[in-house]
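Derivation of every value follows stated rules applied to the coordinates shown; laboratory data play no part. The structure displayed is predicted, hence computed values, not measured ones. Backbone-built Cβ (ideal geometry, glycine too); neighbour counts: all protein chains shown.
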C-alpha cells in the first residue's frame, strides 16, 4: 500500500504557506506541488523495485505464561531510508516489544491464554531513499500457535525428584524409589525414611542398613477436572482451571515416571473430555485438556463420577474449587459413588485473598469486616474438607504454584501405603 510520508506532507504544507504569504503567480505553487508529488512517485517507484523478504522464528508450542525468544527480520531493503516492523498478536498472545524502528524485531512471545491462537503476518513499512513515499507490506503467513499448560516445569520437577534435590518450591520431594514390595537390603542413605531401616541387619553388620522396596507399577491414575463456573474465578494471573491443568501436568508426569497409567476426564454439566488410562500418558493427557474452557453452568459431579466409577480401581484425583460447604454440597453427595471402588483425592488451590485478609493486621473498619467474612468462608471450607475426609477422600490444599507438587506428594504417600 503506497502512501506519502510525513516529510511529503510537510513539504506540501510549506508550499501552501509560501503561496499564501507571497504574491506569487498561481502556476508557481502548482509547479511546486507537482514537483513534490513527482518526487513522491519516484520515491515509491524506487522503493517498489525489490519486495522485502522475511525471516521469522519458527513458532514452537508455548507453555502458559512462559516467554520464549521471538525474532523477525526483514531483508532486501537496501534502498529503504527507514523501516518499521510490527508483529500483530491476538489477545491470547503477547509480543514484547510489538514493533521496532529497524529491520529486525527481537523480543519475547508469551502465551497468556491456553488454546490455539492465530499469529497474523508481519507488517513492514519502508520509505524510499528520499523519505517522501512509503510502502506497507504484509509478509509471511498466519501461523497457528498452541499454548499448553506448563509441561516443561512438570518435567523439571520430575527430574529434581529423581535426583533427590530441592525444587523451586524450596522443599525436598519424596523420591520415586519407595514402594511396598520388598526387593533387597542395602546400606543406609541420608535420604532414606527412618521406616526403611532394617534394625536386625544393622545390628548384624554393625552399620546402618535399609530395606529397598520395588516401586509398584501398572496402577491407574485418573485426573478428573471440573470445568464448571466456579473454576473461572481468578487466581492471580491465571484462572482456577489454569491452575488445575498445570497441576494435572505435574501429576501426570510423576505418574509416568513411576510406571503407572494415566488418564483424564473433564466435565461441567456433562462429560466433555475423556481419555482412558495409558502408559506414558502424560503428554496425551495434556494434549487432551490444553484447550479446555470453563462454562457458565453448575458442575454435575455425580454424572462425572459415574463415568469414572465403571473403570477398574484407580487413584481418582478430582481438581475442583472448594469454595465453602454450600458450594461443595453436590461434591460431598457424589463422593460415595467413587470411594466404594477407588482411592479418591480432592485437590483445590488455596485462595490467597482469604488467607491475606485473615493474616494481615487491619487498618480500618473495612479491613475488620473483610477479615470477618474471610474467617467465615475459611471455616465453611474447612467443614467441607472434614466431610470429604470423613467419607474416605484425601484432600490436598496448596497455593496455586505448589498445587501440583502437593498432589504428587499425596500420590506417592498413597502408593507407599498400597492404597492404589
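With respect to the chain, whose longest principal axis is taken over its alpha-carbon atoms, helix 6-21 is tilted by about 40°.
Give the shape of region 222-338 as rounded, prolate or oblate, defined through the alpha-carbon gyration tensor: a ≥ b ≥ c are the square roots of its eigenvalues, a/c under 1.5 means rounded, and otherwise the shape is prolate if a/b is larger than b/c and oblate if not. If you can, show how the numbers build up before the last one.
Numbers: a/c = 1.84, a/b = 1.25, b/c = 1.48.
It is oblate, given that a/c is not under 1.5 and a/b is not larger than b/c.
Structure remark: mean-square fluctuation, Gaussian network model of the chain, C-alpha springs under 10 Å; the largest value among 337, 262, 250 belongs to 337.
Have a look at 304, 361, 244 and tell me which one the Gaussian network model of the chain (Cα, springs below 10 Å) gives the largest fluctuation. Among 304, 361, 244, the largest GNM mean-square fluctuation belongs to 361. Annotation: peptides 109-120, 12-23, ranked by per-residue average of other Cβ atoms within 10 Å with the highest first, follow the order 109-120, 12-23.
In plain terms, if you count all Cα to Cα distances in region 1-148 and split them into 10 Å steps from zero, the share in each step is 11, 32, 22, 17, 11, 5, 1, 0 percent. Taking each residue as 0.36 nm, the span from residue 390 to residue 53 lengthens on full extension beyond its C-alpha to C-alpha distance by 114.7 nm. When 144, 324, 220 are arranged by Cβ crowding within 10 Å, least crowded first, meaning fewest neighbours, the order is 144, 324, 220.
Looking at the P(r) of region 317-396, how many percent of alpha-carbon pairs lie beyond 15 Å?
For region 317-396, the share of Cα pairs beyond 15 Å comes to 58 percent.
Assign one of three labels to region 275-356, namely rounded, prolate or oblate, based on the Cα gyration tensor with a ≥ b ≥ c the square roots of its eigenvalues; rounded applies when a/c is under 1.5, prolate when it is not and a/b is larger than b/c, and oblate otherwise. Judged from the Cα gyration tensor, region 275-356 comes out oblate (a/c at least 1.5, b/c at or above a/b). For the chain, a Gaussian network of Cα nodes joined below 10 Å ranks 205, 83, 339 by mean-square fluctuation, and the top entry is 205. Once R0 is set to 41 Å, what does the formula 1/(1 + (r/R0)^6) return for the Cβ-Cβ distance between residue 283 and residue 6, expressed as a FRET efficiency to the nearest 0.05? Using R0 = 41 Å, I get an efficiency of 0.20.
Can you tell me the orientation of helix 365-390 relative to the chain, as the angle in degrees between its alpha-carbon axis and the longest Cα principal axis, to the nearest 10? Approximately 50 degrees, to the nearest ten.
Beta bridges per DSSP, both residues in region 254-367: antiparallel share near 50 percent. When each of 381, 413 is scored by the number of other beta-carbon atoms lying within 10 Å, the sequence from fewest to most is 413, 381.
Measure nothing fancy, just the Cα-based angle from helix 27-47's long axis to the longest principal axis of the chain, in degrees from 0 to 90, nearest 10. Value to nearest ten degrees: 40. For the chain, the square roots of the Cα gyration tensor eigenvalues, ordered a ≥ b ≥ c, give a/c of at least 1.5 with a/b greater than b/c, which places it in the prolate category. For the pair region 184-226 and region 290-361, the centres of their Cα atoms are 32 angstrom apart.
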